[in-house]
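Reviewing the structure listed below.
Please treat every number below as a calculation from the coordinates, not as lab data. Quantities reported herein were computed from a predicted structural model and do not represent experimental measurements. When we count neighbours, we look across all protein chains shown, and the Cβ atoms used for this are built from the backbone with ideal geometry, even at glycine.
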Amino acid sequence: MNHKHRKTLESLFSHPISGNITMKDVEHVFENLGAHLSRASGGKVTVTMAGHSANFHDHSHSLSKDEVVQIRKYLETCGVDASAIDPA
């Protein structure tokens, strides 16, 4: 995982919740973690990782805090948490 992906993952798990994360950056983190992404109708991105699927809204502006919490919960469901961030 490169530095930018680690910083995005750290931002997803940071407290207080960051309001400066883009969906594009999150998609790159998902892909780096081995997730399969597909575009669905209505501007949605379907993410499948570790046997779990979720839909997220695909937009170009920063994610809302509610969206960050939703992504964080999905990552935790898939077994990814802040302790999984590898500094190397």
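Report ³J(HN,Hα) in whole Hz for each residue of the range 31-44, in order, from the Karplus equation J = 6.51 cos²θ - 1.76 cosθ + 1.60 where θ = phi - 60°; Gly and Pro get x.
Per-residue couplings from phi come out as 4, 5, 7, x, 7, 9, 10, 9, 7, 10, 5, x, x, 9 Hz.
At 0.36 nm per residue, and after removing the present C-alpha to C-alpha distance, how many nm does the segment from Ser53 to Ala82 gain when stretched out fully? Can you show the working numbers first?
Working: separation 29, 0.36 × 29 = 10.44 nm, distance 2.02 nm.
In short, 8.4 nm is gained.
Would you work out the charge dipole size for the range 1-82 about its Cα centre, treating the Cβ of every Lys and Arg as +1 and the Cβ of every Asp and Glu as -1, and quote it to the nearest 20 debye? Don't skip to the end; give the middle numbers.
Numbers: 9 positive and 9 negative charges, 19 e Å.
Using Cβ point charges on Lys, Arg, Asp and Glu, the range 1-82 gives about 100 debye.
Summing Lys, Arg as +1 and Asp, Glu as -1, what charge do residues with Cβ under 12 Å from the Cβ of His59 carry, His59 excluded? Walk me through the numbers before you get to the answer.
Values: positive: Lys24, Lys44; negative: Glu27, Asp58, Glu67.
Here the charged neighbours net out to -1.
Using DSSP to define loop residues, name the chymotrypsin sites (Phe, Trp or Tyr not before Pro) in the range 10-88 whose beta-carbon has at most 11 other beta-carbon atoms within 10 Å.
Values: sites: Phe13, Phe30, Phe56, Tyr74; in loops: none.
Answer in residue order: no site qualifies.
Which value in deg cm²/dmol, rounded to the nearest 500, describes the helix-derived mean residue ellipticity at 222 nm for the chain, given -39,500 (n - 2.57) per DSSP H run of n ≥ 4 and division by the residue count?
On the way: 3 runs with 34 residues, N = 88.
Helix-only estimate at 222 nm: -12000 deg cm²/dmol.
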